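Read through the structure below, which is laid out as structure tokens, and then see the notes.
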Amino acid sequence: MNIDRAAIEKAILAAGGPGPPDWAHRQASVSLLFFDKPPTHFLAILKADRNGYVWRNQVALPGGRIDEKDPSSLHAAMRELREELDIAADNVDYLGSLGHFQTLQDTVIEVFVGIWNQRDTIHFDTREIARVIQVPLESVIRTHFEKRLNGRLPGMEELLYPVDDLVIWGVTAKILHHFIERLCTENESSLLSGTA
């Protein structure tokens, strides 16, 4: 399955995701980066297995906390992408924000969706990241419909997307659920409805 740029843009521009909360929380930004392998994939990371690390062994999107020096949350997402994976902002065409999502650790994450041209060679610090995962979008969409996650927001114990030997859960699963729902609502086709 290849999802074209227009389909992704349509999903982002549609009545978007949750807005930022009124109360103060820790703020973070992440990048949901799509690229053609082919077919369409997105980048995820497996956090390192470190004692005391709140995100240990979890699948996440590349990103991190917004610093005081960051002029915007998008800038923070771009800075973190460079720091974590050595992907330059010039090689990503950011399409917009998917909205804000709260973690179990009371951090609010803004998700920026982009298209990566794959001109970078990925490097990462193994003290923070165990590995980089290239996830086929089609397999996540298929799971979404096979598990009947569509049309509703399942609880955390049910909102799970298996990928090879890993499981995407928590806020990353919530982000993917929201994106898939927008993608399928705004782009009606048999490929996106899980019937192909």
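Given Ala130, Ala173, which one is part of a strand (DSSP E or B) and of a type in the set (A, V, I, L, M)?
Ala130
Here are the criteria: (1) open to solvent by less than 20 Å² (accessible area, probe 1.4 Å); (2) touching a helix residue (DSSP H, G or I) at 6+ places or on another chain (Cβ under 6 Å); (3) farther than 19 Å from Asn91 by Cβ; (4) outside any helix (DSSP H, G or I). Tell me which single one Val113 does not satisfy.
(3)
How many residues, within the range 39-63, are crowded, with 18+ Cβ neighbours inside 10 Å and on the phi > 0 side of the Ramachandran plot?
Within the range 39-63, residues that are crowded, with 18+ Cβ neighbours inside 10 Å and on the phi > 0 side of the Ramachandran plot number 1.
Quick one: in the range 152-167, of everything that is in contact with a helix residue (DSSP H, G or I) (Cβ under 9 Å, 6 or more places away or on another chain) and surrounded by 12 or more Cβ atoms within 10 Å (Cβ to Cβ), which residue is nearest to Arg56 (Cα to Cα)?
By that ranking, first place goes to Val167.
What number of residues in the range 67-110 are assigned to a loop (DSSP other than H, G, I, E, B) and either surrounded by fewer than 22 Cβ atoms within 10 Å (Cβ to Cβ) or basic (Lys, Arg) (or both)?
12
Quick check on my filter: what residues within the range 106-138 are closer than 16 Å to Gly64 by Cα and free of Cβ contacts under 8 Å to residues at least 60 places away in the same chain?
Asp125
Of everything in the range 6-38, what is touching a strand residue (DSSP E or B) at 6+ places or on another chain (Cβ under 8 Å), modelled with pLDDT of 80 or more and open to solvent by 40 Å² or more (accessible area, probe 1.4 Å)? Give them in sequence order.
Residues satisfying the conditions are Glu9, Arg26, Gln27, Lys37.
Filter the range 106-121 down to the residues that are β-branched (Val, Ile, Thr) and closer than 16 Å to His41 by Cα and list them by number.
Selection gives Val113, Ile115.
The values are calculated or read from the model by the stated rules, or taken from the named source; none is laboratory data. As the structure is a prediction and not an experimental result, all values here were calculated from the model. Note that each Cβ is placed from the backbone with ideal geometry, even for glycine, and that neighbours are counted across all protein chains shown. Note: accessible area is taken over every heavy atom of the protein model, side chains too, but ligands, DNA and RNA are not part of it. Shrake-Rupley method; radii C 1.70, N 1.55, O 1.52, S 1.80 Å.
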